[in-house]
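Q: Let me begin by handing over the structure; questions about it come next.
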Amino acid sequence: MGRSSDRPHVPIRLVAPGVAGDARGVEERERPNVTRAVRRLVRDLASRVPELSHVRASRVLVVAGEARRASRATIRPAHFKETRRRSDAGARRKPLVRVKGRKILYVVTLRPLWFLDSTPRERIATIVHELYHASTRFDGTLHRGRRHSRLPLEAYDRRVLALVDRYLAEAPGEIVAPFAAEGLVRARMWLERPTASYREHEYRGRRVYTEKQLFLGVVEMRTRRRVKPPA
């Protein structure tokens, strides 16, 4: 959600585990974990917003990633829409992502604009926007009627913002507070990012991704306090 241009790259670095007496390691661990905060938000949304009651936070992986045009976030389904499986009707397959033994059905990637040029409400609205794309079967596919090719973005956003307003009227403070953070925060990132899909007999890369292909990095967060006027 949202549009902008020529934004700076998000500063990222690998977080080394701290050891006893290592003040830097303690400091790293005390920084807010934003991707964990998003997962808690997803769980709370599912419990309070009937339109998102089908969402299972344990099957959603949240990561920080690179810029993609003017997007604040994107959602990637685990299955092909035609088959509702990791394999399509031909020879294409999608990689398997499994975290803590659970198969991940959707990967939500937070983009630099989410971190560097958003209000707290816009950050929460972005998460709702992406989750609303998921099929109500929550089967690793996207809802066909909620694709922007079928439902114009303006109409889609009106629905999303109505859900956000209703949610924020009763949301617990401890759930929404992390989205007003300033400064350096921690976020889960890909050490090795899965390909979108591959051809079964041609692909020589990794086909299964787990926690071993993820790491906690540090990313800068700048919170805008006012909504930008329309361009």
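Q: Show me the ranking of peptides 158-171, 201-214, 49-62 by mean Cβ neighbours inside 10 Å, starting with the highest.
A: My ranking of the peptides, most packed first, is 49-62, 158-171, 201-214.
Q: Dipole of the stretch 55-214 (Lys/Arg Cβ +1, Asp/Glu Cβ -1, origin at the Cα centre): which of LEU168, PRO120, GLY90 lies farthest to the positive side?
A: Farthest towards the positive pole: GLY90.
Q: Nearest-5 percent of antiparallel DSSP beta bridges in the stretch 12-221?
A: 75
Q: Given charges of +1 on the Cβ of Lys and Arg and -1 on the Cβ of Asp and Glu, with all other atoms neutral, how large is the dipole of the stretch 12-221 about its Cα centre, in debye to the nearest 20?
A: Charge dipole of the stretch 12-221: 1200 debye, to the nearest 20.
Q: Continuing with the same structure: I need the peptides 128-140, 215-227 ranked by packing, meaning the mean over residues of other C-beta atoms within 10 angstrom, with the highest value on top.
A: Sorting 128-140, 215-227 by mean packing, highest first, produces 128-140, 215-227.
Q: Now for a different question. Once you have the Cα-Cα distance between HIS143 and LYS81, take 0.36 nm times their residue separation minus that, and quote the gain in nm to one decimal.
A: 21.4 nm
FYI, it's all coordinate maths here, none of it is from the lab. Worth saying up front: this structure is predicted, and the values here are computed from it rather than measured. Note that each Cβ is placed from the backbone with ideal geometry, even for glycine, and that neighbours are counted across all protein chains shown.
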